[in-house]
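Comments concern the structure below.
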Amino acid sequence: MPWSYIAGTGSAVPEKVLTNEDLEKMVDTSDEWIRTRSGIERRHIAEEDETTATLGAEAAQKALEDAGVSPEEVDFIIVATVTPEMLFPSTACVIQDMIGAKRAGAMDLSAGCSGFIYALSVADSFVRIGQSETVLVVASETLSKITDWTDRSTCVLFGDGAGAAVIMPSPDGERGIINTILGSDGSKGELLYMPAGGSRYPASHETVDKRMHYIKMNGREVFKIAVEAMGEAAASVVEGAGYRPEDVDLLIPHQANIRIIKATAKRLGISMDRVYVNIQEYGNTSAASIPIAVDEAKRKGFLRPGDLVVAVAFGAGLTWASTLFRF
Ligand code: ACO
């Protein structure tokens, strides 16, 4: 029986767009390569004054409005991000102040592209045990600020944006989060990471000269593990709750690569007309990709109250996560 449900959603992306054609002028790549290998056509890129907190606060305000909840009613804020405003204080505290959520506790959560589902699971648990009644989950990223714009193997993939959801007690015990799977394999962390800026390699002239403050990724290896982990997680979250693939109305996968998305749908056993895809417009926005897709799918009428939804993600950590919910 679901305890908590998604009472409202919102999203925000920067206005500035970078197309594949723009990237052709920056690195040795082609629109054709990017489209066929990843499915990406455009991505939105933050201006200098747009940050993880400004985008996250905008998405949060829209989600609160959608849920009909005032900022003062929020008990707890969780921000999933790998591109925080700074190491500390948390981006969640910055957003708490920006939106005027005066009563709320606040913290960040780092689980790469799986961050939104991890945060959703924490929110669900807080509601379930009675710790909180209204939790604001925000997933916001400005990956463009840690992207090496000279590295063609990564710079064509990422984009900026934010999504948010208000989590509250299920109104009827029908709508809400039914099952969640969270997984990790830290032994493979260096397949996708930003090496410097933490306690292992504090910022220095050397770390800057060696370009260690940018995303480093072994795409081929990450791809293989992502296909396996996302397919397994999506299938298990459905079976584990006693449902069948044909019961699922919509699959909302992390938007990292159209080939990974198709492989995940195939493993789950559902056709692509029941899969929400917007990678062509935003690229990989890490933790923000699923809540942006949920909000967009709802606004465009692909996602309706009562629909059974599977969301599944994979990312830095390595981490993976899947959740089954009735919207
Ligand atoms: N343009 C043109 N050629 C390129 C580009 C580019 N932008 N990038 C790489 N290439 C070349 C490579 O150099 C290579 O050339 P070679 O064969 O001469 O060595 C060739 O294209 C093929 O490279 P691969 O890396 O094997 O290409 P692949 O088909 O694996 O696609 C991609 C690469 C798109 C990165 C894919 O591996 C992928 O999507 N990986 C997963 C990424 C992901 O899901 N990340 C997860 C989460 S992100 C997060 O948590 C923040």
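Listing for the model above:
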{"item": "Student exercise, the range 1-94 dipole from Lys, Arg, Asp, Glu Cβ charges, in Debye to nearest 20", "result": "360"}
{"item": "Accessible surface, the chain, averaged per residue in Å² (probe 1.4 Å)", "result": "43"}
{"item": "Probe 1.4 Å - accessible area at residue 262, Å² to nearest ten", "result": "110"}
{"item": "Projected label distance in nm at residue 22 and residue 274, using a 7 Å step from Cα toward the beta-carbon", "result": "3.7"}
{"item": "Choice from 311, 119, 106 with maximal GNM fluctuation in the chain (Cα, 10 Å cutoff)", "result": "106"}
{"item": "Label zone at residue 33 (point 7 Å along Cα-to-Cβ), backbone N below 20 Å, the range 244-278", "result": "256-260"}
{"item": "Lys, Arg +1 and Asp, Glu -1 on Cβ, resulting dipole of the range 4-171 about Cα centre, debye, nearest 20", "result": "480"}
{"item": "Estimated dipole of the chain in Debye, rounded to 20 [Cβ of Lys and Arg +1, of Asp and Glu -1, Cα centre]", "result": "820"}
{"item": "Share of carbon and sulfur in the accessible heavy-atom surface of the chain [1.4 Å probe, %]", "result": "50"}
{"item": "Additional length obtainable on full extension of the chain from residue 236 to residue 304, 0.36 nm per residue less Cα span", "result": "22.1 nm"}
{"item": "Exposure of residue 13 as accessible area (Å², to 10), given a probe of 1.4 Å and all protein chains", "result": "50"}
{"item": "Inter-probe distance in nm under a simple model that places probes 7 Å from Cα toward Cβ, at residue 48 and residue 125", "result": "4.2"}
{"item": "Extension gain (nm, one decimal) between residue 87 and residue 102, 0.36 nm per residue minus Cα-Cα", "result": "3.2 nm"}
{"item": "Percent antiparallel among DSSP beta bridges (both partners in the range 56-187, rounded to 5)", "result": "45"}
{"item": "Charge dipole (the chain, unit charges on Cβ, about Cα centre) - positive-most of 74, 292, 101", "result": "292"}
{"item": "Positive-end extreme of charge dipole, the range 163-286 - chosen from 192, 164, 181 (charges on Cβ)", "result": "192"}
{"item": "Most fluctuating residue given options 199, 11, 144, as computed from a GNM of the chain linking Cα atoms under 10 Å", "result": "199"}
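The values are calculated or read from the model by the stated rules, or taken from the named source; none is laboratory data. Note that this is a predicted model, so its numbers are computed, not measured. FYI the Cβ positions are ideal-geometry reconstructions off the backbone, even for glycines, and counts take in every protein chain you see. Protein only, heavy atoms only, side chains kept; ligands, DNA and RNA dropped before computing areas. Shrake-Rupley method; radii C 1.70, N 1.55, O 1.52, S 1.80 Å.
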